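Shown next, in C-alpha cells, is the structure this report addresses.
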Number of protein chains: 2
Amino acid sequence: MDHKQSLDALFKAKSIAILGASSKAGKLGHRVVENAKAMDFSGEIYPVNPGSKEILGLKCYKSLEEISGKVDIAVMVLNAEECIKAAEEIARRRDRIGDINGVVVISSGFSEMGDETGRSREKALLAPLLERGIRVIGPNCLGIIDTYHGVNTTFEIGNCPKGGVSIVSQSGAFAQSCLRSTEALGTIGINKFVAMGNMKDVDVSELIEYLGDDARTNVIALYLEGTKDARKLMTTAAEVTKRKPIVSMKPGKTELGSRAAQSHTGSIAGSFAMYKGAFRQAGIVQTFDVPEFYHTIAAMDKTPLPKGNRVCVLTVVGGPGTICIDELMSSGVAELAKLSPETKTGLKKILAPTANIGLLDGYIDMTGSVNEEIHHEVFKILIADPQIDAIIFITPPPTFLDAELLANKIVSAYQSFPEAERKTLLSVFVNGFSAADCRKILEKNSMPTLEYPDTAAKVMTNMIRYSQYRSKNSK
Amino acid sequence: MDHKQSLDALFKAKSIAILGASSKAGKLGHRVVENAKAMDFSGEIYPVNPGSKEILGLKCYKSLEEISGKVDIAVMVLNAEECIKAAEEIARRRDRIGDINGVVVISSGFSEMGDETGRSREKALLAPLLERGIRVIGPNCLGIIDTYHGVNTTFEIGNCPKGGVSIVSQSGAFAQSCLRSTEALGTIGINKFVAMGNMKDVDVSELIEYLGDDARTNVIALYLEGTKDARKLMTTAAEVTKRKPIVSMKPGKTELGSRAAQSHTGSIAGSFAMYKGAFRQAGIVQTFDVPEFYHTIAAMDKTPLPKGNRVCVLTVVGGPGTICIDELMSSGVAELAKLSPETKTGLKKILAPTANIGLLDGYIDMTGSVNEEIHHEVFKILIADPQIDAIIFITPPPTFLDAELLANKIVSAYQSFPEAERKTLLSVFVNGFSAADCRKILEKNSMPTLEYPDTAAKVMTNMIRYSQYRSKNSK
C-alpha cells in the first residue's frame, strides 16, 4: 500500500470501530458514535464497549475481537492507559485477520503533557501499530471528516456543509471554529477535515501531498504550530501550490506563543521569521489574523482568482469604502482599477448626481439612492469592463432595500456572464449577521460574503499575490 | 447659550420637525419619521411636506411656518437646492418666534462633491443658520441618536440597545455598522450617536468635550477621517482621556486611503504618522482593524479596566489559546500572570490529570473534560488570585455542555465577588454566532464576548495600555 492508498483507507473507510463508545449521552464516546452517523455514512459503525449492548440503535461489541465483519479503521476514545491496551488488541486482530488499516486516537495524555510519562505512553501506543503499517492520526486530536464519503470520527462536529475546502490542523478546536463560526451563513464548505493532534505518524506534509492530488479539494487550509521536518513540508507545498492554494495560519511570532504551542501539541514552533520566508518561497498564502484566515479560504474556494491586480471598490457607504481602500493599498500588491470611459458614462446614466463615480479612479460610491435594479445594472457594467480584474462591493445593505431581491439581483447580474468572464467578487455586508438573509443567498451561489471592509482588502491582497505566484510558477 | 447647552438642545430635543417627510414607505423621508418614533420619543414630531396630510399617524404640515407649537430642532431630508430654501425658512421662523436651536442636515450634494457647486451650496445652506447661532450637524450625515431621551433623526437605525458607548463618526455607515453587526448578540449598548458628516459647524472636538462631561457616556468611540483643527482635538482629547476612554479608528495610512476619505467627507486626512503620535500623546486608544474597534469599545463599556498587566489565559482549546497568547505577547504590554500556589493546588483538585495548569505560567488548558460546575469553580479560584489582573477565557463552547447553564455558572461565579474585586474578563467563543445562546446571557450581564482569540488579545492590550495611561495622567 503506498502513502496515498493508506490515507484513502482512512478517508474512504467503509467500516469504523469505535473503542470506548458510550451509551451515556454527553460522554465523548457517545458523541463520536452520534457524529459517525451524522453524515449518512453508508458503511458499518461498530461501537465497542464491554458494558453496553446497544448504542444509538447500533449493536455494541464487547471487544474488537467479537466483530466478525471487516473493520477498516478504529477510533480510540479511551483514557491514555487503555489506549495502549487497545493498540495491542488492534495488533493482534491485524495479525489474525489482516484488517484495520488506520487508527484515529482522540485520547490525550501523551507527549503533549511535556513529561516522561506522556512520552513513554506514546511510544507504547504507537509501536504495535506502526510496526504493522497501520496509519495513525493523533494522538490528542479531534479526528477526521470526509464529507463526500460520510466519514466522521470527531466528537464535536456533526454534519457540515460540503465544499472545496480541506482543513489540515494541529488544533482541532481551531479547525472546528472555522466551521462552526461560519455555518449559520454557509460561508465555508468542507471536503476533508483532519485535526492532526500530536502528528506522530500521518504528518502535515503527507496530508498536503494527498490533498494536492485530491480532485475535490480546491483549497487547503493549514493551521500549523510547528513540524519537525519543515524542509519536507516546504518541498511538498511548493509542488502543491503550483496547482492549488494552501492558506496558512501559524502562531509563534513571540517566544511565549511558541511555548504555548509546545505545551499544546508538543511541537517546536521554530523560528517564525524562518517559517515566514520559507512559506512565501513555497507559495503558501500566509494570513495573520483569524478572520483573514477564515475568509481567505472561503473566497479562494468560491470565487475565481483575479487575473490581474486592478480592483474596483464599489460601495454605498463612504467610511467602510475608505477603510477598505486604505487597507488594500497598504500592501503595495493591488491597485485601483482605471474605469473605462464606457463604464463611467454608463454609471452616470443610472446613478444619482450626488454619486461619486471615480473621483478617485476605481472607487464608486453610489450613495444611498440606489434600488435593487440599479445594483443589477451596475454589476453588469463593472463585470464587463476589461480594465477591472476584481470587485469589492461594500454595503450595509440599506434597510430600505429588500434583502432577498437585492441578493438575487446581484447573483443574476454575476451569472449573466459565462464562467470564464466572471471576476473575483468579494461582497462585504458591514451589518454583519444582521444581513444574514442577503448573505445566505450569495453564499449559496458560491459568492463569498464578509463583514469587515479591511478583512476583504486583506483577502483580496492574498488572492492577487497568489494569482501572481501561480502565473509565475505553474507548469 | 454656551456650547454645552447648545448641544443639549440637539440631544435633548423635545420637538422635531422633519423637512422632506414622506408618506411613501421606503423613501428616506419616510424612514426618518419612522425612526423618530422608534425609541418611544415622548416629545412632538412634526412631519413637513406640502403634499401630505398625515404620515405614519402624525399630522403632516405644509410648511415649517404652519407649525404652531415650539420646534426645538429641524431635520432636512431634501435635495441640496431645497435645503438652501429650507435654511432660509428656518431663519425666518427663528427671527419671528425664536425657536429652532439645531438643524440636522442629512442631505448630501455639498462640499463632499469636491466641486465648486457643492461648496457654494454649502455656504448658502450654512450662512442663515450659523448667523443666528443655530447649531448644525452635517450636512451629508446619517443623523443623531440619544437613546435615553429617545431622540433619533437617522434614516437607517430604528431602536438600538441602551448602554454606555457614545459614537462620534465621520461615517454614518461605519457608525451604524457597529450597532447593526453586533445587535443580534447585544454586544454594544449606545448612549449617544452622532454621524457628523461634513462637520461644518458642530465638530469633533466640541462633541468629544461634550461627551467627556456626559455622565452616561463611559466610552467615546471615534471614527475620524480628518479634521482641520487637529491641535484643538488633541487638547480636548487629552483632558477627556483623564476621565474616560476615547477609542479611535482612523484610515489614512496610504495616500489613496486619504484621497478616498477626501472624496467622502471632503476632509484632509493629514499625515497618518502625525495623527498616530498625537493620538498616543493625548491618551486616545488607537485600533487598527474593524473587529478590534468594535470589541474594544464594547469591552471598555462593560468590563472594568485591568489594575495591572498580568493576564491569565484560560481555555479548553489549545490552538486558539496559542493564537491568543502569541498576539497578547507581541505588544510587549501584557505579561502572563504567575499563578499563586493556592490557585495551582485548587485547580489540580478539580481538573482532569491531562489538564495543562501553568506548564506555561498563566496559561490553563482545562481540556475537554470539564462540566459547567467546574467552570464555575475555576472562575472563582482565578478571580480570587491576587496575582491575576485580567482573564481571557476561550471556549468553543463544547457542544456537550448546556449553553445556558454554562453561561449562568460563569456569570454567578463572576458576580459572587463584590464589584471592586471583579477582574477584567473577556470571553471568546470561537464558534462565533453559533454560540449565540451562551453569549447573549453573558452580554446581558455586562460581560463582553468576542469570537476571535487574537482580537481578544488586541482588546486586552488596549485596555492595559489605557489603564497605565490613566494611572499616570489622572488628576
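The numbers here are math on the coordinates, done by the rules we state, and not lab data. Since we're looking at a predicted model, the values are computed, not measured. Virtual Cβ from ideal backbone geometry, glycine too; neighbours counted across all protein chains shown.
A few points about this structure:
- The same position B:Glu65 in the other copies lies at 10.5 nm from this copy, comparing label points 7 Å beyond Cα toward the beta-carbon, shortest first.
- Column: log10 I(q)/I(0), Debye, Cα scatterers of region A:225-361, q = 0.10, 0.13, 0.16 Å⁻¹: -0.51, -0.75, -0.96
- Region B:441-472 and region A:303-369: distance between their alpha carbon centers, rounded to Å: 35 Å
- Label zone at B:Glu66 (point 7 Å along Cα-to-Cβ), backbone N below 16 Å, region B:4-26: B:17-24
- Placing a label point 7 Å from the Cα of B:Ser412 along the Cα-to-Cβ direction, the distances to the matching points in the other copies come to 5.5 nm, shortest first.
- Rh by Kirkwood over Cα pairs, then Stokes-Einstein D for region B:160-301 at 0.890 mPa s and 25 °C, µm²/s: 165 µm²/s
- The Rg/Rh ratio for chain B, using Cα coordinates for both the radius of gyration and the Kirkwood hydrodynamic radius, is 1.04.
- Remark: C-alpha extents of the protein assembly as shown on the principal axes read 103, 65, 50 Å, sorted largest to smallest.
- For B:Lys27, the aspartates and glutamates whose Cα comes closer than 12 Å to its Cα, not counting residues fewer than 8 places off in the same chain, are B:Glu156.
- Trypsin sites (Lys or Arg not before Pro) within region B:37-117, DSSP loop, no more than 15 other Cβ atoms inside 10 Å: B:Lys53, B:Lys62, B:Lys70
- For B:Glu88, the point set 7 Å out from Cα toward Cβ sits 10.0 nm from its twins in the other copies, listed from shortest up.
- As a ratio to 2.2 N^0.38 Å, the alpha-carbon radius of gyration for region B:3-141 is 0.99.
- By average C-beta atoms within 10 angstrom, highest first, the peptides A:9-15, A:422-428, B:348-354: A:422-428, A:9-15, B:348-354
- Computed from Cα positions, the angle between helix B:80-97 and the longest principal axis of chain B comes to roughly 80 degrees.
- With respect to chain B, whose longest principal axis is taken over its alpha-carbon atoms, helix B:116-131 is tilted by about 80°.
- Expected 222 nm ellipticity per residue - DSSP helices of 4 or more, -39500 (n - 2.57), all of the protein assembly as shown, to 500: -13000 deg cm²/dmol
- Contour minus Cα-Cα distance for A:Leu405 and A:Ala238 (0.36 nm per residue): 55.7 nm
- Per-residue average of Cβ from other chains inside 10 Å of B:288-296: 5
- Put simply, when A:363-371, A:459-467 are sorted by average Cβ atoms within 10 angstrom per residue, most first, you get A:459-467, A:363-371.
- Exceedance of the 29 Å cut-off in Cα-Cα distance is limited, within the set B:Lys85/B:Lys200; A:Lys348/B:Lys276; A:Lys37/A:Lys250; A:Lys302/A:Lys409; B:Lys307/B:Lys458, to A:Lys348/B:Lys276; A:Lys37/A:Lys250.
- The mean number of partner chain beta-carbon atoms within 10 angstrom of a residue's beta-carbon across peptide A:365-374 is 2.
- Nearest 10 degrees, 0 to 90: helix A:28-38 Cα axis against chain A principal axis: 60 degrees
- P(r) for region B:60-112, from all Cα pairs and a bin width of 5 Å, is 4, 19, 32, 25, 13, 6, 2, 0 %, short bins first.
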